[in-house]
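Right, one structure below, let's go through it.
The values are calculated or read from the model by the stated rules, or taken from the named source; none is laboratory data. Quick caveat, the model's predicted, so the values are computed rather than measured. Cβ placement follows ideal geometry from the backbone for every residue including glycine, while neighbour counts extend to all protein chains displayed. Heavy atoms of the whole protein, side chains included, go into the accessibility calculation; ligands, DNA and RNA do not. Shrake-Rupley method; radii C 1.70, N 1.55, O 1.52, S 1.80 Å.
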Amino acid sequence: VTASQCEHEIVRKSQTRIVHSTFLPQMRGGRVVGVYILTTDATASRMHERSLHALAHTDPLTQLPNRRRFEQALAGAAGRARQGDRDCALLYLDVDFFKQINDRYGHATGDDVLVEFARRLRAVVRSSDLVARLAGDEFTVLLHDVRSEADVERVARKILDAVAEPFVLGAHTLKVGTTIGVGLASRGG
């Protein structure tokens, strides 16, 4: 008989604590006659681990998943499509003439464009789909459970319509465009 361990979250008065417990058997004559329990508060270290994980997988400007998180999700979706479980589609987007926006209005406005672009992308896709920022003005949308090419076309049209609305950013109102490339993975394909 060996020690066992577990962690669990305790919510009390809307505060969450994470506790780590180790259970050590008390042996007498080769039999378990009791258990010692050592419980420690692991909240600070687990929260630190979670924040490091979030930093490693999140774009700091847009708060979208970053390239690393996207690549993990894409590998999983492609595997499911190969196994015939679910179809998926990948939309690759960039902000048209983004360098000119940065050059003309400055990098702060360019950052505002990226944040607003990300917000609009998230607003028009399902919560189960993944919107990620790869780098610079490059974004991806990973659509899960795609039923047809027409579904993908509808999502692309919704994105184009959302981006076509003027971007009102402080003192500037900008017309922003996007170019979308689409890839579709179908059952067994």
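Filtering the range 27-59 to residues that are of a type outside the set (Ser, Thr, Tyr), exposed (fewer than 11 other Cβ atoms within 10 Å of the Cβ) and farther than 30 Å from Thr140 by Cβ leaves Arg28, Gly29, Gly30, Arg31, Val32, Val33, Gly34, Ile37, Ala44. Could you check, for the range 165-181, whether at least one of its residues is of a type outside the set (D, E, K, R), free of Cβ contacts under 8 Å to residues at least 12 places away in the same chain, open to solvent by less than 60 Å² (accessible area, probe 1.4 Å) and out of contact with any strand residue (DSSP E or B) (no Cβ under 9 Å at 6 or more places or on another chain)? Taking every residue of the range 165-181 in turn, none turns out to be of a type outside the set (D, E, K, R), free of Cβ contacts under 8 Å to residues at least 12 places away in the same chain, open to solvent by less than 60 Å² (accessible area, probe 1.4 Å) and out of contact with any strand residue (DSSP E or B) (no Cβ under 9 Å at 6 or more places or on another chain). Cβ-Cβ distances below 9 Å connect the following pairs, each with a first residue in the range 44-57 that is closer than 16 Å to Val19 by Cβ, a second residue that is of a type in the set (A, V, I, L, M, F, W, C), and a separation of six or more residues or different chains: Ala44/Ile18; Ser45/Ile18; Arg46/Ile18; Met47/Ile18. Taking the numbered list (1) open to solvent by 60 Å² or more (accessible area, probe 1.4 Å); (2) over 30 Å from His8 (Cα atoms) in turn, Ile101 passes all entries but (1). Within the option set Leu160, Leu93, being surrounded by 12 or more Cβ atoms within 10 Å (Cβ to Cβ), at pLDDT 95 or above and within 17 Å of the chain's Cα centre (by Cα) holds for one residue only, Leu93. Taking strands (runs of 3 or more DSSP E) as the structural unit, no element lying wholly within the range 29-137 holds at least 3 residues that are in contact with a strand residue (DSSP E or B) (Cβ under 7 Å, 6 or more places away or on another chain) and aromatic (Phe, Trp, Tyr).
Here Asp151 qualifies as surrounded by fewer than 18 Cβ atoms within 10 Å (Cβ to Cβ) and in a helix (DSSP H, G or I).
The residues of the range 9-28 that are in a strand (DSSP E or B), among the charged types (D, E, K, R) and under 42 Å from the mean Cα position of the chain (by Cα), listed by number, are Glu9, Arg12, Arg17.
Residue check: Arg126 meets all listed conditions (1) surrounded by fewer than 17 Cβ atoms within 10 Å (Cβ to Cβ); (2) within 19 Å of Thr109 (Cβ to Cβ); (3) not hydroxyl-bearing (Ser, Thr, Tyr) but one, namely (2).
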